[in-house]
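All remarks here apply to the structure that follows.
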Amino acid sequence: MQSDASVPSYGPIHKALHWIVFALLAAQIAVGFLMPHIRRDTPMEGLVAWHVSLGTAILFFLVIRALWRVAKPVPMDPTIPTWQRHLAGLTHGLLYALVLIMVVLGWSAAGYYDWTVRLFGIVTLPRLAPKGAEWAHEAGDIHNALVWVLLGFIALHIVAALYHRFVMRDGVMQRMLPGG
């Protein structure tokens with residue numbers, strides 16, 4: 001099955017933002033698994049500092065990407081079955097929501113540890129929780145658990161893209177690839 005050639009590809013800004021967020025999330029997940037277990041007295045240095053910095057960068061680019069997606073929407077391929085278009089929309093929405101929720105939970109947990117969160121190491125972000133706030137510690141625990149849910153949705157997203165590329169051969173995946 002071939003996609004309708006009149007269905008537009010994502011533009012270069014859509015693609016760049018998609019792949020930037022992907023790269024940041026991949027780095028963030030790797031750092032998150034490699035960094036030491038965080039305790040009450042863990043300093044924000046090394047991999048922990050990288051984890052916090054990557055989180056703020058993800059938030060920045062996710063917001064930019066969401067705004068760009070609203071400002072410059074790209075229609076889904078109408079030749080794709082309606083149920084797949086609905087499932088894709090739901091999956092994309094849940095991916096955005098999960099990443100946003102995880103960043104806010106991690107940012108809240110940073111307050112528990114009395115860490116200063118900065119965007120790109122320059123702009124100090126406000127504290128979401130006071131030092132030692134028990135709810136912020138629990139936010140960190142939820143943040144840690146949600147990574148598995150996020151990984152499941154990322155896997156679903158990748159499997160769907162590969163399904164469209166190699167089984168359906170309908171051009172859906174190529175719309176987001178560079179040069180596609």
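Each reported figure results from applying straightforward, stated rules to the coordinates on display, with no laboratory input. Keep in mind the model is a prediction, meaning the values are calculated, not measured. Glycine gets a Cβ as well: all are built from the backbone with ideal geometry, and neighbour counts include every protein chain shown.
Relative contact order (percent) for the chain, with alpha-carbon contacts under 8 angstrom and 6 or more residues of separation?
This gives 28 percent for the chain.
Listed highest first by mean packing, meaning other Cβ atoms within 10 Å per residue, what order do 99-110, 38-49, 17-28 come in?
By packing density, highest mean first, the sequence is 99-110, 17-28, 38-49.
In units of 2.2 N^0.38 Å, what is the alpha-carbon radius of gyration of segment 79-153? Present the calculation step by step, with values, prior to reporting the outcome.
Working: Rg = 16.1 Å, N = 75, 2.2 N^0.38 = 11.3 Å.
Dividing the Cα radius of gyration by 2.2 N^0.38 Å gives 1.42.
In terms of modelled amide H atoms, which long-range or inter-chain residues lie less than 5 Å from the amide H of residue 118?
125
Report, in whole Å, the centroid distance computed from the Cα atoms of segment 6-38 and segment 57-79.
13
Give the share of C-alpha pairs in each 10 angstrom bin for segment 9-87, from 0 to the last occupied bin, in whole percents, shortest bins first.
Using 10 Å bins, I get a P(r) of 16, 33, 27, 16, 7, 1 for segment 9-87.
Radius of gyration and Dmax for the chain's Cα atoms, expressed in Å?
Answer for the chain, Rg first and Dmax second: 18.4, 57 Å.
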